[in-house]
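Step one of this worksheet: look at the structure below.
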Amino acid sequence: MRRVLCLFFPISIYTGQYVGSGRFFVRLVYVSAGLTSWKLGNRKTHYSMKMQTPWILAIGFVSLLCLTTPHKAAGQTTAINENNSSVKQDLEKRFREYSEALTKRDLNALEQIWSDDYVFINPRGELVTKSQRLSNLKTGATEFQAIRPKSERTEVHGNVALDVGTVTLEGTKYGGKESSGDYRYMTVWVNNDGRWQMIANQITRIAH
């Protein structure tokens, strides 16, 4: 046991100094190899040179494994699960309110749902701002009779949520053109003082 601790103690020092650097692994293997050769060399009566190689390779492998093992950072994006299902319920409710506001052309409600810097990528790939979308709804260039979304994946990162799914649009026009059909959507929400607002979304028609 003392032999193993002696071999690995200097490694922890080098880990703290060079972690994240491309030079770390090279230096670590050299140090590990050197320590192993020195430690085993002083015990020629017990170990042969042939036994040094497995120790060197083992230490190098463990060192590489420590570098490549993924660690979840604090605040990393996590998928919705039963522990934060209330967030998903809040987003589903907010999406229903959004859909209702679109079909009714409730501009006041949409003013509250869309953030000030909201942007939309329409089916033609055009970037549309909040003011432009409100204007399109007001003039009738954009119109919805029915919106039926189905969320497939929701992720939360702090106060930002990503919702991905499919939606069926009926009696729909974009830019004054008939656009009813099935789409895949992606929506980004941000929680401002306990209220979810949409900051970006896009839809892409599903080919059948």
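The values are calculated or read from the model by the stated rules, or taken from the named source; none is laboratory data. Only a predicted model underlies this, so the values are computations on that prediction, with no experimental measurement involved. Every residue, glycine as well, gets a Cβ built from its backbone with ideal geometry; the counts of neighbours run over all protein chains shown.
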Query raised in the report: Within the range 162-190, how many residues turn out to be of a type outside the set (Phe, Trp, Tyr), assigned to a strand (DSSP E or B) and modelled with pLDDT under 95?
Result: 3
Query - Residue within the range 105-122 that is assigned by TED's automatic domain parsing to the domain that holds residue 88, assigned to a helix (DSSP H, G or I), among the β-branched types (Val, Ile, Thr) and surrounded by 16 or more Cβ atoms within 10 Å (Cβ to Cβ) present - result: yes
Report task. Those residues that are surrounded by 18 or more Cβ atoms within 10 Å (Cβ to Cβ) and in a strand (DSSP E or B), I need them from the range 144-161; list them, please. Result -> 147, 149, 154, 156, 161
Query raised in the report: Hey, residue 167 hits all of (1) touching a residue at least 24 places away in the same chain (Cβ under 8 Å); (2) out of contact with any Pro (no Cβ under 8 Å at 6 or more places or on another chain) but one; which does it fall short on?
Result: (2)
